[in-house]
Amino acid sequence: MRPYILAETNWEALKDAKIELAVLPWGATEAHNYHLPYATDNIQADNLTAAAAKSTYDKGAKVIVLPTLPFGVNTGQSDIYLDINLNPSTQLAILTDIVEVLNRQGIYKLLIFNGHGGNNFKPIVRELGLKFPKMFISFCFFPQMLDKDLYFEEKGDHADEMETSLMLHLRPDLVLPKDKWGDGASKKYKIKSYSEGWVWAERKWSEISADTGVGNPHKATSEKGEKFFNDIVEKLAQFMVELCDADLNDLYE
Ligand SMILES: [Zn+2]
C-alpha cells in the first residue's frame, strides 16, 4: 500500500491526516499509432505522479495523488474509433466538484498533472480560481518539463519516439512488436501561418495522420524512456516539495 496514493490508502491512515497538496493526474483514452495502448497517456500520468509523490512523501511532505481521470479532450478525433471525448465544459464540471471537496476540507493546493496534449486547463483554472479564491490551482504538461531534443532524436507530439520510449520502459508488455509500428508521418496546414504558432485551428486528426501517430517512433528504446522518466520524476518531485512548503500568503518576490 502506497500511503500517498488515495486509491490505495485507507480511512485509518487518513482520518487524522493533514494533506497539503492534492495531485490530480489527467490523461485520455485514444489511439496511439498502431502499437501503443489506448491508455498510454493514463499509464504515463499514473507512473510519473506516483514516482514523484513517493519521493515527495519520503521527504516528509504531505501529498496525495487522486485517481487518474482516464478521459480527455478528443474533439479533433471524433471519427477515430473509440477515442472517448470529454468536452472542456465537462472537464470544468468535474473539476468544480473535485475542487469544491478540497476547498471545503481545507486542502488548498491542487496540481493537475496533464498527460494529454488535447487537454487545456488554463481557462478552466482561471474560472475555478475566481470561484474558489482560497484554492491555489496549478497545472503542468509533462512533455514540456524538459528539452525533449536532449533525450530523443525524432520530433513528434503523439505516439512518437518519446511516448514509445516511455511505454517500452513502463509497460513493454503493452507495446506491439516493432514491425507493427507506423511511421507517424503527419501533414501540416498548407497555410504556413499555422506552423508559426500564433494562429491555431483544430486539426482533423484522421486527415493529418494515417496511423494516428504524429512523430516517428522508430528510434524509441526503453533506455531512452527510463532516462526521460527519471529526470521528469526528479524535477516534478522537487517542484512538489516546494509547492507543499510554499506559504500561499507569501508567493511573490
Ligand atoms: Zn499520448
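Give the angle, between 0 and 90 degrees and rounded to the nearest 10, that separates the Cα long axis of helix 40-58 from the longest principal axis of the Cα atoms of the chain.
The angle comes out at about 30 degrees.
With axes computed from alpha carbons, what is the tilt in degrees of helix 161-170 against the longest principal axis of the chain, rounded to the nearest 10 within 0 to 90?
Taking Cα atoms only, the helix is inclined about 60 degrees.
Going by the alpha-carbon gyration tensor, a ≥ b ≥ c the square roots of its eigenvalues, is the stretch 57-108 rounded (a/c under 1.5) or, if a/c is not under 1.5, prolate (a/b greater than b/c) versus oblate?
Cα axes put the stretch 57-108 in the oblate bin.
Which GluC sites (Glu not before Pro) from the stretch 182-229 combine a DSSP loop assignment with at most 14 other Cβ atoms within 10 Å?
Values: sites: Glu196, Glu202, Glu207, Glu223, Glu226; in loops: Glu196, Glu202.
Answer by residue number: Glu196, Glu202.
Compute the angle between helix 122-131 and the longest alpha-carbon principal axis of the chain, please, reported from 0 to 90 degrees and rounded to the nearest 10.
The helix 122-131 is inclined about 20 degrees to the chain.
Tell me the mean residue ellipticity at 222 nm calculated for the chain from its helices only (DSSP H runs of n ≥ 4, each -39500 (n - 2.57), averaged over every residue, nearest 500).
Working: 7 runs with 88 residues, N = 253.
The per-residue figure over the chain is -11000 deg cm²/dmol.
At a 1.4 Å probe radius, carbon and sulfur cover how many percent of the accessible area of the chain?
Roughly 54 percent, rounded to a whole number.
For Lys188, which lysines qualify as cross-link partners when the Cα separation must be under 20 Å and same-chain residues fewer than eight apart are set aside?
Lys155, Lys204
If you count only protein heavy atoms with a 1.4 Å probe, what accessible area per residue comes out for the stretch 191-253, rounded to a whole Å²?
Details: 4150 Å² over 63 residues.
Computed with neighbouring chains in place, this is 66 Å² per residue.
Quick check on the stretch 1-138: of the DSSP beta bridges with both residues there, what percent are antiparallel, nearest 5%?
Roughly 5 percent of the DSSP beta bridges within the stretch 1-138 come out antiparallel.
Using Cα pairs under 8 angstrom and six or more residues apart, how large is the relative contact order of the chain, in percent?
Relative contact order of the chain: 24 percent.
For Asp79 paired with Lys18, estimate the spin-label separation in nm (one decimal), with each label point 7 Å from Cα along the Cα-to-Cβ line.
Taking the simple label geometry, Asp79 and Lys18 are separated by 5.7 nm.
When only DSSP loop residues count, what GluC sites (Glu not before Pro) in the stretch 1-59 have their Cβ near at most 16 other Cβ atoms within 10 Å?
When the GluC sites (Glu not before Pro) of the stretch 1-59 are filtered for loop state and at most 16 Cβ neighbours within 10 Å, Glu8 remain.
With the crude spin-label approximation of a point 7 Å out along Cα→Cβ, what separation in nm comes out for Trp11 versus Leu251?
3.5
Would you please classify the overall shape of the stretch 119-253 from the alpha carbon gyration tensor, given that a ≥ b ≥ c denote the square roots of the eigenvalues, rounded means a/c under 1.5, and beyond that prolate means a/b larger than b/c while oblate covers the rest?
It is oblate, given that a/c is not under 1.5 and a/b is not larger than b/c.
Go through the stretch 194-227 and name the chymotrypsin sites (Phe, Trp or Tyr not before Pro) that are in a DSSP coil and have 16 or fewer other Cβ atoms within 10 Å of their Cβ.
Trp198, Trp200
Can you tell me how the stretch 1-59 classifies by the Cα gyration tensor, rounded, prolate or oblate, using a/c under 1.5 as the rounded cut?
Verdict is prolate for the stretch 1-59.
Order the peptides 152-165, 172-185 from the highest to the lowest mean number of other Cβ atoms within 10 Å of their residues.
Descending packing order for the listed peptides: 152-165, 172-185.
Arranged from highest to lowest average of other beta-carbon atoms within 10 Å per residue, in what order do the peptides 85-93, 57-65, 242-250, 108-116 appear?
My ranking of the peptides, most packed first, is 108-116, 57-65, 85-93, 242-250.
Could you sort the peptides 126-139, 70-83 by per-residue average Cβ neighbour count (10 Å cutoff), highest mean leading?
The densest-packed peptide leads the list: 70-83, 126-139.
Relative contact order of the stretch 45-184: what whole-number percent is it, with Cα pairs under 8 angstrom and at least 6 residues apart?
16
The values are calculated or read from the model by the stated rules, or taken from the named source; none is laboratory data. All figures in this text were calculated on a predicted structure; none of them were measured in a lab. Positions of Cβ are backbone-derived with ideal geometry, glycine not excepted, and every protein chain shown enters the neighbour counts. Keep in mind that these areas ignore ligands, DNA and RNA; they rest on the heavy atoms of the full protein, side chains included. Shrake-Rupley method; radii C 1.70, N 1.55, O 1.52, S 1.80 Å.
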